[in-house]
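Step one of this worksheet: look at the structure below.
The values are calculated or read from the model by the stated rules, or taken from the named source; none is laboratory data. In this text the structure is predicted, and so the values were computed from the model without any measurement. Every residue, glycine as well, gets a Cβ built from its backbone with ideal geometry; the counts of neighbours run over all protein chains shown. All accessible areas refer to the heavy atoms of the entire protein, side chains included, with ligands and DNA or RNA removed. Shrake-Rupley method; radii C 1.70, N 1.55, O 1.52, S 1.80 Å.
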Amino acid sequence: MPADTRLLILISFSGVMLVAALSFLWKQGNNQSTPPHSATSNTTDAVTEPDTPPANQEQATKEIDLETYESTTYPELYGLRQEMIHQLQDLNTFFKQVGTWAETIPAQRPFLQQIIDIRWERSKQLQKAYLDLDHSRRAFWLHYHTGEDHHVRKMFDDEAIRLQKRIQDALGDSLAFQLAEADTIRKHLQSADELLKADKLPKPKKGQNPNTVFVPYSNQNRQRLIEVLTRKQENSILVNLNQLQQEEKQIRDKLAYMLEFQKINTDLLEETNLLILAWNKALIYNQYAQYRLLFATEALETTLLLGEPPNNRDYAWLLKELRELSPALLTQAEEERNVAAYSYNPAIDSQYRQ
């Protein structure tokens, strides 16, 4: 072909190829902008799409929002309400625990019952005030989200003041119950001190068996209180308590011997019975001395369970009395023991011989 003809054909062919290339690239670009639908994309969409929260979760979210709103907008009301919640939580914890305490420390049950009565009335009043308060704040929150918020906020400003006064009154009543409880604790510790100083056995009430005027501590409870004194390194009290325990064992051994002796020596029934009575009285005084020491120790521990601090004036005072009076209790028990130990007198005994 002539040169000009070949040049024209080459240019035409090149133009057709360029148009075809541009068309291909344009289609390819469209295909990439819309990825193919696949199982993987379906799975990804299912995982990343947030689930609809259940009704209780939605309520919890709204409650958190209300807490935040109240704490920032009405901080005084919020602070008073938190104090009320804190007191109610402490009371609920007490009521859950006190049954176990009563099983463990039976000697303190009358005292615990007094505390229960006081705290129960205190709890009832706090709960009533809190329910009124909570009802009002939740009603406000409902109207705030569904009504004209500026109007609702303005109306609740006055309501918030009323609610603050309601909480302050409830907390004031709660304080009165707390003061009554403190007075009950003080009187209980005073009674424990009076018991420490009571050198004579308590008189039985009308119709009461003399052997039931006090109930000695069980071995388990006695050991528990000994562990308390050991942990607190109350060595001066422990020395006297341990000595009383040793003497109790000796007295019991003597009584066991006398009972066996009586079975064989039937002609000495009168002498043996008199001696058994003397040693049994010594045993009672020994147990009474231990009871007084243990009761005071347990009374102190019970006040700690109730939340009283160790630096409480009444607590420190009774602990001081316990340390100082424990030797005197051992001495009183030993005096009664000596009455039985030195009871033998042949001159008097001869009056009863034939």
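Of note:
- In region 75-93, the residue that is surrounded by the most Cβ atoms within 10 Å (Cβ to Cβ) out of those that are more than 13 Å from the chain's Cα centre (by Cα) and acidic (Asp, Glu) is GLU83.
Matching residues to (1) part of a helix (DSSP H, G or I); (2) open to solvent by 60 Å² or more (accessible area, probe 1.4 Å):
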site	(1), (2)
GLN208	no, yes
PHE214	no, no
LEU225	yes, no
ASN242	yes, yes
LEU269	yes, yes
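- Checked across region 299-307, the condition of being farther than 30 Å from VAL98 by Cβ, surrounded by fewer than 18 Cβ atoms within 10 Å (Cβ to Cβ) and either of a type outside the set (Ser, Thr, Tyr) or modelled with pLDDT under 95 (or both) holds for no residue.
- Among the residues making up region 309-339, those that are of a type in the set (D, E, K, R), touching a residue at least 40 places away in the same chain (Cβ under 8 Å) and under 16 Å from ARG186 (Cα atoms) are ASP314, GLU321.
- Residue ID - farthest from PHE94 (Cα to Cα), chosen from residues in region 302-327 that are part of a helix (DSSP H, G or I) and among the acidic types (Asp, Glu): GLU324
- Residue among ARG162, ARG166, ARG119, ARG137 that is part of a helix (DSSP H, G or I), open to solvent by 80 Å² or more (accessible area, probe 1.4 Å) and basic (Lys, Arg): ARG162
- Cross-chain or 6+ apart pairs with Cβ under 7 Å, region 127-154 first and of a type in the set (A, V, I, L, M, F, W, C), then open to solvent by 90 Å² or more (accessible area, probe 1.4 Å): VAL152/HIS143
- Test: LYS254 is in a loop (DSSP other than H, G, I, E, B), farther than 29 Å from ARG313 by Cα and in contact with a helix residue (DSSP H, G or I) (Cβ under 9 Å, 6 or more places away or on another chain): no
- Only one of the listed residues (GLN114, GLN178, GLN127, GLN108) is more than 30 Å from TYR291 (Cα to Cα) and surrounded by 12 or more Cβ atoms within 10 Å (Cβ to Cβ). That residue is GLN127.
- So ASP134, is it more than 21 Å from the chain's Cα centre (by Cα), under 21 Å from GLY79 (Cβ atoms) and modelled with pLDDT under 85: no
- Screening region 282-298 for residues that are open to solvent by 20 Å² or more (accessible area, probe 1.4 Å) and hydroxyl-bearing (Ser, Thr, Tyr) and picking the one that is modelled with the highest pLDDT gives TYR291.
- LEU196 being of a type in the set (A, V, I, L, M, F, W, C), open to solvent by less than 80 Å² (accessible area, probe 1.4 Å) and assigned to a helix (DSSP H, G or I): yes
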